[in-house]
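Nothing in this text is a laboratory measurement; each read-out follows from the coordinates by a stated rule. Because the structure is predicted, anything quoted here is derived from the model rather than measured. Quick reminder, even Gly has a Cβ in these numbers, built from the backbone with ideal geometry, and neighbours come from all protein chains shown.
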Amino acid sequence: MKKTILAAAVSVALATPAFAGGKGGTELALANYSGLGFVASQGIPLDIAFLRSNGINTFGEIEVGAGFADGLAIGAELSGGLLIGLSTGLSLYGSLGPAISGGESTQFGLGFEVGLNIDVNQSSIVIEGGSHPSESYVGVGLRF
């Protein structure tokens, strides 16, 4: 069952671009996920008109993380979040949702992330920190 859930999460994360990191595109970051690892995410468009009219954008995101230290650590999260523009080319986002972690044991719980988008040309540099049930991470990467 857990292999099926993780395979589904990876499939959705690699699907067509939407709103990763609260903005358009797919996000890929190097991270300290139990050691050397990565975090990849794919967005799901959410449009809550009331929040958007007040300058707060909403998004959904599916995220997969994996790392290698003493053994393999892997996690996935399906979350909903908020994106707030701080200034031109700079935005802050955060999300919260159900998550699963695998590796030596499988754990279900809440996952979250908080990040900063720095727009550069047609892409963004993403600085992000978050947690899946058994692993916390900090990552730096790009939104495509």
Pull out the extension gain between Phe144 and Gln122, defined as 0.36 nm times the separation in residues minus the alpha carbon to alpha carbon distance; nm, one decimal.
7.1 nm
So for the pair Leu92, Thr106, with labels modelled 7 Å out along Cα→Cβ, what separation do we get in nm?
3.7 nm
Could you work out how far apart the two model spin labels at Leu51 and Asn32 are, taking each label as a point 7 Å from the Cα in the direction of the beta carbon, and quote it in nm?
3.0 nm
Over all Cα pairs of the range 26-117, how is the pair count split among 10 Å bins, expressed in % and running from 0 up to the last occupied bin?
16, 43, 28, 11, 2
